[in-house]
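Here is the structure we will look at.
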Amino acid sequence: MADDVLRIYGGNIVTPEGTIENGTIVVENGLFVEISRANTGPHGLRDVDASGCWILPGMIDTHSDAIEHEMQPRPSSRFPIEWSFPELERKLAGQGITTIYHSLSMWDDGASNMARRNSSVTQYVQEIHRMNERPRLIHNRIHIRFEITNKNAVPFIEQFLQERAIDQLSFMDHTPGQGQYRDLEVHKRFIMQRQQKTEEEVLQIFEERKSREKTSFDTLQRLAELADLTGVPLASHDDDSIEKLDIVTQWNASISEFPVDLSVAIEAKRRGMYVVMGAPNVMLGKSHSNNLSALEAIKEGVVDILCSDYYPPAMLQSVFRLHQLGFELHHGVNMVSLNPAKALGIDSLTGSIELGKNADLIIAGFHGERPMIDSVWVGGNKVCQMEYQQFSAVSAY
């Protein structure tokens, strides 16, 4: 962490309550030590002029599949995590994400995507911890997504929890015909396009998945109790009914990821759960699974958190998209910073520009009509500096 003073002046500082225009932030030993409404100007060599820019807290991504795509960009191309991990960090830092919960799916031992097999996920958890022993560009945490038809994963999850090796656990059920995939036609088209399958092949896949035995209620309850005991936040995934909420709240699940229906999102919020929707959903104006529109849910006031899901650049873009639609800027910023920090129990450390917290922050400005990252700081250290070049013409070569 930085051991000297950093002063960022002249920018519009977005706090949990609003925006301080033309203010100053002072960072010492990696922490926010002063947040001033005055533009104090430069004092030292490390001082930064942020005039005309927005100063935001570093974004916290609670649910991202990016690590899987980075390691296995093609079905037959799988890169070692020690290669792909630093490359992913660079991309995430450049997108303003300073804390990432890498979402590792425990699908089943025979998953076509090798990254989702139990043995692979176990290896990745170990490797991420090993790499975290060295200085990193950003904060890397682990979110295990447990497919409840994967009964063989239960001992691994128990071990992860007992060893406090993970930072978030979610229960998922992607059985065709319910949850995210309640619309079988949408699900069928998705697999046909994504995996280049025929309709007959997809229907065979559906029948096989429907036949899988699910982990017992008692076992799921035992895992939930162990998560609660070890302080690992528990999320439910694709909530599609009040009855499902009854079950997961009984297990002390505090996060509802991607509720598929507005009435369920409203009820989850009423029960005090943190409701998560995808930032890509905000940008596209709809769910790619033909489920609940994030914009509709946000307008109803029932969304707490936006995550990148499958497209990290949408995080920053969605914040300013909401601002363009009339929402206060700090409202959208809180959805990608303070609220996820609260949901995951790290808000005493990070998630907002407040005195005593880690100086994880973004300086962003508009380049043309789009908000773009100019620089990113983690613990008071600059980890990313962008320089954009615009050319009036492209030379032939």
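Before moving on, here are some points about what is shown:
- Hey, Phe327 among the aromatic types (Phe, Trp, Tyr), surrounded by fewer than 24 Cβ atoms within 10 Å (Cβ to Cβ) and either at pLDDT below 95 or touching a Cys at 6+ places or on another chain (Cβ under 8 Å) (or both) or not: no
- Test: Gly11 is surrounded by 23 or more Cβ atoms within 10 Å (Cβ to Cβ) and touching a Cys at 6+ places or on another chain (Cβ under 9 Å): yes
- Count of residues meeting criterion [assigned to a helix (DSSP H, G or I), in contact (Cβ under 8 Å) with a residue 40 or more places away in the chain and surrounded by 15 or more Cβ atoms within 10 Å (Cβ to Cβ)] in segment 103-128: 5
- Put simply, of Ile8, Ile67, Ile100, Ile25 the only residue that is touching a residue at least 24 places away in the same chain (Cβ under 8 Å) and not in a strand (DSSP E or B) is Ile67.
- Qualifying residue in segment 246-253 (condition: modelled with pLDDT of 95 or more, in the same structural domain as Leu161 (by TED's automatic domain parsing) and either within 28 Å of Ser375 (Cα to Cα) or within 18 Å of the chain's Cα centre (by Cα) (or both)): yes
- Residue in segment 164-187 that is over 28 Å from Ser241 (Cβ atoms), surrounded by 19 or more Cβ atoms within 10 Å (Cβ to Cβ), of a type in the set (Gly, Ala, Ser) and modelled with pLDDT under 95 present: no
- Candidates are the residues of segment 39-48 that are more than 13 Å from Asn12 (Cβ to Cβ) and either within 34 Å of the chain's Cα centre (by Cα) or outside the structural domain of Asp374 (by TED's automatic domain parsing) (or both); the one that is surrounded by the fewest Cβ atoms within 10 Å (Cβ to Cβ) is Arg46.
- Residue match in segment 2-10 (condition: at pLDDT 95 or above and within 30 Å of His237 (Cβ to Cβ)): no
- Of all the criteria given as (1) within 27 Å of Gly272 (Cβ to Cβ); (2) without any contact (Cβ under 8 Å) to a residue 40 or more places away in the chain, the one not satisfied by Thr350 is (2).
- Residue in segment 360-383 that is more than 22 Å from Ile166 (Cα to Cα), outside any helix (DSSP H, G or I), outside the structural domain of Met273 (by TED's automatic domain parsing) and hydroxyl-bearing (Ser, Thr, Tyr) present: yes
- Condition broken by Leu234, with the remaining ones in (1) in contact with a helix residue (DSSP H, G or I) (Cβ under 7 Å, 6 or more places away or on another chain); (2) closer than 30 Å to Phe366 by Cβ satisfied: (2)
- Candidate set: segment 265-319, residues that are of a type in the set (S, T, N, Q) and closer than 25 Å to Trp251 by Cβ; chosen: the one surrounded by the most Cβ atoms within 10 Å (Cβ to Cβ): Asn291
- Residues in segment 261-310 that are assigned to a loop (DSSP other than H, G, I, E, B), in contact with a helix residue (DSSP H, G or I) (Cβ under 6 Å, 6 or more places away or on another chain) and modelled with pLDDT of 95 or more: Arg271, Val302, Val303, Asp304, Ser308.
- Qualifying residue in segment 51-74 (condition: more than 15 Å from the chain's Cα centre (by Cα), polar (S, T, N, Q) and either under 25 Å from Ser120 (Cβ atoms) or not assigned by TED's automatic domain parsing to the domain that holds Gly368 (or both)): yes
- Test: residue in segment 21-33 that is β-branched (Val, Ile, Thr), surrounded by fewer than 22 Cβ atoms within 10 Å (Cβ to Cβ) and over 30 Å from Tyr274 (Cβ atoms): yes
- Hits in segment 137-152 - residues which are of a type outside the set (A, V, I, L, M, F, W, C), outside any helix (DSSP H, G or I) and out of contact with any Asp or Glu (no Cβ under 6 Å at 6 or more places or on another chain): His139, Asn140, His143, Arg145, Glu147, Thr149
- Filter result (among the acidic types (Asp, Glu) and either modelled with pLDDT of 90 or more or touching a Pro at 6+ places or on another chain (Cβ under 9 Å) (or both)) within segment 369-386: Asp374
The values are calculated or read from the model by the stated rules, or taken from the named source; none is laboratory data. It should be emphasised that the depicted structure is a prediction, and the values quoted were computed from it without experimental measurement. Neighbour counts are summed over all protein chains in view; Cβ atoms, including those assigned to glycine, are modelled from backbone coordinates with ideal geometry.
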